[in-house]
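Working notes, structure below.
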Amino acid sequence: MNRVYLHNNESIKKIVIKYLIGLLPLVLYGFYKNGILLYRDDLVSFVDMFNVFYLLIISILLLLITNFFFKKKIFENMSLVLVCTVPLFMPPSINLLVYAISLFLSLIIINVLPKKINYNKIAFVILFILIIINMFEPLSYLNSAEKLNIYALNFFDLICGRTIGGIASSNILLGIIVLFYYAFFNNYKKVIAFSSLLAFVIIMILINNFDINELIASNAILALILIAPDTISTPAKFQSMVIYGLILGILTGLLTSFISFNIGVFIAILICSFTTPILVKLTEKW
Amino acid sequence: MIKLISLKKDSNIKVDPQISYFLNPDFVYIPINAKILIQQNEKVTKEEFVTADLASPISGTAIGIKTMQEENINKKCLVIANDFRELSKNKKVKKRKITLNNIMDILIKNNEEKLLKKLQNQNKFDNIIISAINDEPYIFNNIYILKENIADLLSIIDELSMLYKSNNNYLIVKNNEANIINDCLNSIGTYPNIKLTLVNDEYLLEKEEFILKKLQIINEKNLYLDVNDLDTLCNYLLGKDNSTKLITISGDAILESKVIRTKKNVLLSDIIKKYIKIIDAKYDVIFNGLMSGCIIKDVDNFVITNNINSINIMKKKTFKVVDCINCGKCIEICPKNLNPLNKHNLEKCINCGLCSYVCPCYINLKKEVKINE
Ligand code: SF4
Ligand code: SF4
């Protein structure tokens, strides 16, 4: 049999672990911003301070349950990355029960949908959960302090994470550090991340008349770093990745500015992921 | 600029620094690809052609025909029983003068098509490149040939350089082959026209295309030979024995890896019995390299023909193959800029195996590529 007997030791398990290590600082910052600071100011109870960890634990437990039903193993695909990324982008004051039910339903859906359909599963799950949440109460990404507007923050505070965003997806500075960490480890589609970020930044600056605050005050940058380069639903060839990233960045800018500030990026990622097979076909012979 | 990688290797696999010799097999098995030139029970001498394309590496008696395995394919082979006398009709072969005509004569007479193709109709080369590199991990043939025969090989390079009026003569050695580098440096002093060129231990530098790119002489008129080709030529020109070949038997399932000079067309199992101690109960035997070789289906009947350069005996490993995650590593690594995931341009595939080597899902892309072809 014609087989290669040597392997460079890279495996899905290693890729997933390296990816999760990158998420750790974001989770800890989320705990600081939406847990410790709020508890200090008596805006949440001691138990609620740990919300971000509850979300992660619920996600992992639900993954184990669905894996059991669908006879899948945890390190044989990228689903652990999915369930650990989704909580980061949840609204800080999310209802845990609604989250658990909607995540469970979305995990079942992605398991039963035919493999042939190409879509970004992380963006799909996030959108699904946000839509369900929106059915119960209007979607808001403000935490208890932001609702009261009690802090006087400067630009540096905002860029360091005090801006409005998901429970652990507001720190753009950390996000950029994580981007470089991922870019240096093997299996991250950095071309998509960099090209989409570039296109997004340019389009946002143009649309918003060079107002940097608009650029940083959404989930977009972190989503373009963590969700857009999703390995499965994106093209794999260099040229197609550049085109994919540029289109995604532009679409994200437009949807964030004109359709929905908080969820525009997820819609853009989902739409772009549907187009991957066409893009792959078009660039096949390049 | 070419981007090449170093393969991950197990530093515990060490090779015996001395060459072992397997020169007295009881039988040899000559694959029948062309007309048989002898009768049953006829005596044959060493290096006498027994089929239209192959000579016997021993003297003895043709005792019959048997089906054996040549590179995993069932092949009828002429069995010759050794009389251990090494009788040869070409006993008094003298050193031949190195001229273009003599080289062509020898190569045509001995069916050396590969060498013939390189040298035919040429009377000038800009560069002569002699490579003592083996790409495949744990294979040491070329460097051992150089070590075994450095004086003659350097003298032939020198003569070829005069014959083909070459401007540069490179002898390429990996920079981690410390022993041989010293030997080379000692001997090469007398040949100022030969440059000892050290290269990193990077995969694919054994291939002509990649070493020429590395040396940035791809667009010049080059004569590229590996040490094995040169050794063959050298043996013909100096009237030496060409009935043997060097193979490496290495791996992590054996006690000690060895480089063995063996008669051609002997049974692998005979060599293993004599020299190799297998220490693992479950193992795979692979011929011609862990990256581009194949597992041997029937070790007992496997013949070491001229095309077999190495045997790896490796602990059995099972990789759980999972669904492709579309990471693109296989595309990124391909030295021929192919896309192993689709079917375009796959005729350009050089079977290097790098796509499978990097795949985190352990997908055997090399096999898929070959099937698509
Ligand atoms: S390296 Fe393997 S997992 Fe990655 S794209 Fe190629 S086949 Fe798929
Ligand atoms: S085996 Fe073929 S397709 Fe795979 S990396 Fe080598 S040249 Fe490219």
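I'd like to check something: does segment A:96-109 contain any residue that is at negative phi and either assigned to a loop (DSSP other than H, G, I, E, B) or within 14 Å of another protein chain (Cβ to nearest Cβ) (or both)? No. If you go through segment B:349-373 and keep only what is away from ligand 1 (no atom under 11 Å from the Cβ), assigned to a helix (DSSP H, G or I) and either at pLDDT 85 or above or among the acidic types (Asp, Glu) (or both), you end up with nothing. Restricting attention to segment A:261-286, the residues that are more than 14 Å from every other protein chain (Cβ to nearest Cβ), crowded, with 19+ Cβ neighbours inside 10 Å and assigned to a helix (DSSP H, G or I) add up to 7. If you go through segment B:212-224 and pick out every residue that is among the aliphatic types (A, V, I, L, M), farther than 16 Å from residue B:165 by Cα and in contact (Cβ under 8 Å) with a residue 12 or more places away in the chain, you end up with 3. Residue count for segment B:157-169 under the criterion of being crowded, with 20+ Cβ neighbours inside 10 Å and within 17 Å of residue B:239 (Cα to Cα): the result is 2. Being surrounded by 17 or more Cβ atoms within 10 Å (Cβ to Cβ) and touching a residue at least 60 places away in the same chain (Cβ under 8 Å): is that true of residue B:262 here? When the stated conditions are applied, residue B:262 passes them. For segment A:160-190, filtered to residues that are hydroxyl-bearing (Ser, Thr, Tyr) and more than 19 Å from residue A:17 (Cβ to Cβ), the residue that is surrounded by the most Cβ atoms within 10 Å (Cβ to Cβ) is A:170. Would you confirm, using the coordinates I've provided, whether residue B:203 is in the same structural domain as residue B:158 (by TED's automatic domain parsing), modelled with pLDDT under 90, in a loop (DSSP other than H, G, I, E, B) and among the aromatic types (Phe, Trp, Tyr)? Against the criterion (in the same structural domain as residue B:158 (by TED's automatic domain parsing), modelled with pLDDT under 90, in a loop (DSSP other than H, G, I, E, B) and among the aromatic types (Phe, Trp, Tyr)), residue B:203 does not qualify. Contact list please: Cβ distance under 8 Å, first residue in segment B:318-336 and farther than 28 Å from residue B:284 by Cα, second residue within 14 Å of ligand 2 (Cβ to nearest atom) and basic (Lys, Arg), pairs at least six apart or on different chains. Short answer, once both residue conditions are applied: B:328/A:237; B:331/A:237; B:336/B:348. Residue A:43 meets each of the listed conditions (1) modelled with pLDDT of 95 or more; (2) closer than 28 Å to residue A:220 by Cβ apart from (1). Total residues in segment A:184-197 satisfying the condition of being part of a helix (DSSP H, G or I) and either closer than 20 Å to residue A:279 by Cα or within 16 Å of the chain's Cα centre (by Cα) (or both): the figure is 8.
Check whether at least one residue in segment B:299-314 is of a type in the set (Phe, Trp, Tyr) and either within 16 Å of ligand 1 (Cβ to nearest atom) or within 19 Å of the chain's Cα centre (by Cα) (or both), and report yes or no. Within segment B:299-314 (the criterion being of a type in the set (Phe, Trp, Tyr) and either within 16 Å of ligand 1 (Cβ to nearest atom) or within 19 Å of the chain's Cα centre (by Cα) (or both)), the answer is yes, since at least one residue qualifies.
This table checks each residue for (1) away from chain B (no Cβ under 14 Å); (2) assigned to a helix (DSSP H, G or I); (3) touching a helix residue (DSSP H, G or I) at 6+ places or on another chain (Cβ under 9 Å).
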{"site": "A:210", "(1), (2), (3)": "yes, no, no"}
{"site": "A:214", "(1), (2), (3)": "yes, yes, yes"}
{"site": "A:223", "(1), (2), (3)": "yes, yes, yes"}
{"site": "A:231", "(1), (2), (3)": "no, no, yes"}
{"site": "A:234", "(1), (2), (3)": "no, no, yes"}
{"site": "A:240", "(1), (2), (3)": "no, yes, yes"}
{"site": "A:245", "(1), (2), (3)": "no, yes, yes"}
{"site": "A:254", "(1), (2), (3)": "yes, yes, yes"}
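Could you say whether any residue in segment A:73-92 is free of Cβ contacts under 8 Å to residues at least 12 places away in the same chain and surrounded by fewer than 17 Cβ atoms within 10 Å (Cβ to Cβ)? Within segment A:73-92, one or more residues are free of Cβ contacts under 8 Å to residues at least 12 places away in the same chain and surrounded by fewer than 17 Cβ atoms within 10 Å (Cβ to Cβ).
Kindly indicate whether residue A:101 is surrounded by fewer than 19 Cβ atoms within 10 Å (Cβ to Cβ) and closer than 29 Å to residue A:32 by Cβ. Taking the combined requirement at face value, the residue satisfies it. Considering B:63, B:73, the condition of being closer than 27 Å to residue B:297 by Cα, loosely packed, with under 15 Cβ neighbours inside 10 Å, more than 26 Å from the chain's Cα centre (by Cα) and not basic (Lys, Arg) is satisfied by B:63 alone.
Just one residue in the set A:131, A:122 is within 18 Å of the chain's Cα centre (by Cα) and surrounded by fewer than 19 Cβ atoms within 10 Å (Cβ to Cβ); that residue is A:131. Just one of the numbered conditions (1) in contact with a strand residue (DSSP E or B) (Cβ under 9 Å, 6 or more places away or on another chain); (2) at positive phi is not true of residue B:121; which one? Only one criterion is unmet by residue B:121, namely (1). Here residue B:341 passes the criteria (1) within 12 Å of chain A (Cβ to nearest Cβ); (2) in a loop (DSSP other than H, G, I, E, B); (3) farther than 22 Å from residue A:233 by Cα except the one numbered (3). Here residue B:342 meets each of (1) at pLDDT below 85; (2) on the phi > 0 side of the Ramachandran plot; (3) of a type in the set (S, T, N, Q); (4) within 12 Å of ligand 1 (Cβ to nearest atom) with one exception, condition (2).
If you go through segment B:292-325 and pick out every residue that is surrounded by fewer than 20 Cβ atoms within 10 Å (Cβ to Cβ), of a type in the set (S, T, N, Q) and in contact with an Asp or Glu (Cβ under 9 Å, 6 or more places away or on another chain), you end up with 2.
Whether a residue is closer than 14 Å to residue A:219 by Cβ and out of contact with any Lys or Arg (no Cβ under 8 Å at 6 or more places or on another chain) was assessed, and residue A:148 does not pass this test. Exactly one residue out of B:147, B:213 is under 24 Å from residue B:124 (Cα atoms) and out of contact with any Leu (no Cβ under 7 Å at 6 or more places or on another chain): that is B:213. No other residue among B:226, B:241, B:270 is closer than 23 Å to residue B:66 by Cβ and acidic (Asp, Glu) apart from B:270.
The values are calculated or read from the model by the stated rules, or taken from the named source; none is laboratory data. All values reported here derive from a predicted model rather than from experimental measurement. Glycine gets a Cβ as well: all are built from the backbone with ideal geometry, and neighbour counts include every protein chain shown.
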